Every structure is written in C-alpha cells, then in structure tokens.
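Worksheet for the structure shown next.
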Amino acid sequence: MIAIGSDHGGYLLKQEIMKHLKAEGKEFTDVGCFDEKSVDYPVYAKKVTEKIQDGSCELGILVCGTGIGMSMAANKEKGIRAAAVSDCYTAEKTREHNNANVLCLGGRTLGPDLAVKIVDCFLSTPFSGEERHIRRIRMWDK
Ligand code: RB5
C-alpha cells in the first residue's frame with residue numbers, strides 16, 4: 001500500500017499520479033489535501049509518514065510546489081527516508097542506495113508524464129540490501 005499526499009501546490013499533479021496508479025492497479029490511500037485551497041504542507045507530510053510508521057503503508061508519495069518542503073518535513077520523522085526527486089535515475093538510486101521510503105515531487109516543476117515515470121522508477125526499484133549501503137544509512141538514520 002502506498003500513502004499519497006499533497007498540499008495545494010501539488011494537488012493537480014497528485015491527481016495525475018493517482019490516475020496512473022489506479023490504471024496500473026496499484027493500491028494507494030490519499031491523505032489529502034482534497035482541493036486547491038491553500039494548506040500547510042507539513043500537515044500532509046505528517047499524515048503520510050504516520051502511515052509508514054504505523055506499518056499500514058510501505059511507501060509514500062508527497063507532492064508540493066517543489067517537493068522540497070515536503071522532503072524537509074518528512075525527513076524530521078523517525079524511520080522516514082524522503083527524497084526530493086526530479087529524474088528517473090535519481091528515483092532508482094535513492095531506492096537502491098538510500099532505501100528511500102518517501103518520494104517527494106514538485107507539482108510546479110514537473111510535468112505529469114515525467115512525474116509518473118519517476119513514480120514508476122521509484123516503485124519498481126528495490127533497495128539493493130548491500131552491506132555498504134546498510135552501513136551508510138545506519139550512520140544517519142537513527
Ligand atoms: C506553497 O506555496 C509552497 O511553498 C509549497 O507547495 C512547497 O513548494 C514548499 O516547499
């Protein structure tokens with residue numbers, strides 16, 4: 001299960017991503033926001049990260065204007081490894097090397113075609129599990 005959330009800056013791109021996930025048969029839960037009214041992105045970062053922390057979702061997707069505020073807020077939460085990503089190579093590597101569990105995207109910086117490609121790369125790439133990556137993550141993920 002994937003937890004997905006956005007603020008107003010990411011709302012429209014989130015709709016596109018959800019349409020894509022649905023078409024792909026991927027299960028997700030939308031924690032809001034539910035329209036384009038101005039809201040505070042940390043509220044939605046928290047809603048998504050809580051779903052990962054309580055084990056009801058394995059991965060999360062957060063969309064704000066740039067992806068940056070969401071990633072900063074999400075990374076304050078225990079057990080969360082959030083990455084702001086704007087290309088497929090980085091999406092793949094942050095799963096393989098950083099075991100990222102939250103993908104953060106920019107609704108004002110990415111077009112929908114690229115964004116869904118990034119989502120696919122992120123969701124289809126497993127953590128490598130290599131000792132050196134586990135060691136490095138342990139050095140910062142307390
Ligand atoms: C909201 O205007 C904007 O600041 C937010 O979506 C995000 O880009 C923050 O990082």
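From Thr66, Thr90, Thr49, grab the single residue that is away from the ligand (no atom under 14 Å from the Cβ), closer than 18 Å to Ser6 by Cβ and of a type in the set (Ser, Thr, Tyr).
Only one candidate passes the filter, namely Thr49.
Do we have Thr29 as in contact with a strand residue (DSSP E or B) (Cβ under 8 Å, 6 or more places away or on another chain), part of a strand (DSSP E or B) and away from the ligand (no atom under 16 Å from the Cβ) here?
Against the criterion (in contact with a strand residue (DSSP E or B) (Cβ under 8 Å, 6 or more places away or on another chain), part of a strand (DSSP E or B) and away from the ligand (no atom under 16 Å from the Cβ)), Thr29 qualifies.
Run down Thr125, Thr109, Thr49 and say which single residue is modelled with pLDDT of 95 or more and farther than 23 Å from Cys33 by Cα.
Residue meeting the stated conditions: Thr125.
Those residues that are touching a residue at least 24 places away in the same chain (Cβ under 8 Å) and either part of a loop (DSSP other than H, G, I, E, B) or small (Gly, Ala, Ser) (or both), I need them from the range 4-23; list them, please.
Scanning the range 4-23 gives Gly5, Ser6, Asp7, His8, Gly9, Gly10.
Looking only at the range 107-118, decide whether some residue is of a type in the set (Lys, Arg), within 16 Å of the ligand (Cβ to nearest atom) and within 21 Å of Glu16 (Cβ to Cβ).
For the range 107-118, residues of a type in the set (Lys, Arg), within 16 Å of the ligand (Cβ to nearest atom) and within 21 Å of Glu16 (Cβ to Cβ): present.
The values are calculated or read from the model by the stated rules, or taken from the named source; none is laboratory data. For clarity, every value in this text was computed on a predicted model and none was experimentally measured. Glycine gets a Cβ as well: all are built from the backbone with ideal geometry, and neighbour counts include every protein chain shown.
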